[in-house]
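The values are calculated or read from the model by the stated rules, or taken from the named source; none is laboratory data. The model shown is predicted, which means the values in this text are computed figures rather than measured ones. Glycine also receives a Cβ, built like all others from the backbone with ideal geometry; neighbour counts cover every protein chain displayed. Just so you know, the surface numbers come from the protein's heavy atoms only, side chains and all, with ligands and any DNA or RNA stripped out. Shrake-Rupley method; radii C 1.70, N 1.55, O 1.52, S 1.80 Å.
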Amino acid sequence: MLLGCIGDDFTGSSDLGNTLTRAGMRTVQYVGVPQGAADEGVEAGVVALKSRSVPVEEAVRLSLDALDWLLAQGCEQILFKYCSTFDSTPQGNIGPVAEALAERLGADRVIFCPAFPGAGRRVYQGHLFVGDRLLSESGMENHPLTPMTDPDLRRWLARQVKGPVGHLPADVVFDGAEAIRTRLDATDARLIVCDAIRDADLMALGAAAAGLRLVTGGSGIAMGLPENFRKAGRLSKAAAGWRGQSGRAAVLSGSCSNATRAQVARHEGPRLEITAEALMAGEITAREAAGWALAQEGLPLVYSSADPEVVRAAQERFGRETVAGRVEDFFAETARALVEGGVARLITAGGETSGAVVEALARDTLEIGPEIAPGVPCLRAGPDLVLALKSGNFGGPDFFAEADAMLGQGA
Ligand SMILES: Nc1ncnc2c1ncn2[C@@H]1O[C@H](COP(=O)(O)OP(=O)(O)OP(=O)(O)O)[C@@H](O)[C@H]1O
Ligand SMILES: O=C(O)[C@@H](O)C(=O)CO
């Protein structure tokens, strides 16, 4: 294994797996830190954690465990993958995890770049944009767990870390890898927020990152890394061989992001809405929801996705963590019952939701298949189950139907 990746959620990890696979690395996504050694021939390993919204100390511990395993597999470079919308709070977890990884690796220059131009995320003058809006006016200011209220990544990251935060501006990035490297070496700070507005900028940053022990960012920052290993003659030919899965399908959505809510609104198949109130009152159970889905024709959707004011009211009434935990437990249990009931194609929306679901399904590794939408690949979780784990804001309005079709292709 050459490149070791630590993803702070499951959808983000599959987004990264997608990028690395498309760039020609033989990539496997692991569900948590594996027990044994990786298979021979894996060139990039992505350890998917559910560490984005857990307490800081737990995120640091989980990430260092993943680091130890990746180093034991021989990894020469580590990539810490977080959300392209920099999902975090003033306490963490991005900063403290990155500082702990840098410390353990002895890394003295650490790039921070969540840019993903293909999904509209760009960093300019140290500020993160989603499309033509600043992050803090993009809808992310209403996120149920990590409301992003400051678009200045330098200022936001500085609140999370001990050391100073530097900045690598776009005009240096535009001058290419050599200029970037020279500026990185000349910067006093260890942690450096990097501008990037085009894929070409990410390729240049990737080239400049050759040999850096630790790189951090969204999946975009991984675009240029495989080329460093290829140039050095270290990559084999990536093996193809994906096949889809026939059988029953279902969609579970706990994401309240704008894109997911549009997909839920557009869904034409049978739907079952789960409100936080109904769950907290015990009015609906996972077994009942799964039973409902299994009795439907077409593509059933079970969702708790709700508008920001509805989410806010539920959080005020029951507490943010309590309601999130109850919703996630519900989807985890529903997924288990669906798969027991014969569902073979499962689509989940939302990083936390997907993490809860995949952990509940107790699969060790996910094989990366073809791309459904930017940042969302097909995944095989075993001989009888394929998955699509959709990040909240990814995918077009018809994503659920498109994912179902793609997951079934070639079956
Ligand atoms: N109706 C609801 N009321 C309150 N909280 C909810 C409701 N529905 C979902 N949640 C919680 O909101 C959180 C949504 O986070 P999740 O990561 O699943 O989606 P997302 O943030 O849109 O996705 P991503 O992280 O991939 O961008 C979950 O913890 C979920 O349990
Ligand atoms: O980077 C992104 O936006 C996604 O891969 C993700 O992490 C959302 O959960």
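Below is a table of values for the structure above.
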quantity: Surface accessible to a 1.4 Å probe, per residue, for the residues of the chain, Å²; calculated: 38
quantity: DSSP bridge orientation in the chain - percent antiparallel, rounded to nearest 5; calculated: 30
quantity: Furthest towards positive pole of dipole, Gln296, Met1, Gly410, structure part the chain, Cβ charges; calculated: Met1
quantity: Whole-number percent relative contact order across the chain, with pairs defined as alpha carbons under 8 Å at least 6 apart; calculated: 19
quantity: The stretch 248-408: relative contact order as a whole-number percent, Cα under 8 Å and 6+ apart; calculated: 31
quantity: Share of pairwise Cα separations in the stretch 256-388, more than 21 Å, in percent; calculated: 41
quantity: Nitroxide proxy distance, nm - points 7 Å out along Cα→Cβ at Arg234 and Ala278; calculated: 5.1
quantity: From the C-alpha gyration tensor of the stretch 3-231, square roots of 5λ in Å; calculated: 24, 20, 17
quantity: Cα-based convex hull, the stretch 217-265, per residue volume (Å³, whole number); calculated: 144
quantity: Surface share of carbon and sulfur [accessible, 1.4 angstrom probe, percent] for the stretch 248-408; calculated: 48
quantity: Largest-first ordering by accessible area, 1.4 Å probe, given options Lys50, Lys81; calculated: Lys50, Lys81
quantity: Computed magnitude of the charge dipole of the stretch 248-408 (debye, nearest 20; Cβ of K, R +1, Cβ of D, E -1); calculated: 80
quantity: Charge dipole (debye, nearest 20) of the chain; +1 at Cβ of Lys and Arg, -1 at Cβ of Asp and Glu; calculated: 640
quantity: Using alpha carbons only: equivalent-ellipsoid semi-axes of the stretch 136-235, gyration tensor based, whole Å; calculated: 26, 17, 13
quantity: Most positive-pole-ward Cα, Val339, Asn142, Leu235, against dipole of the chain from beta carbon charges; calculated: Leu235
quantity: Cα convex hull of the chain, projected area averaged across orientations, nm²; calculated: 17.9
quantity: Whole-percent carbon and sulfur share, accessible surface of the stretch 3-231, 1.4 Å; calculated: 49
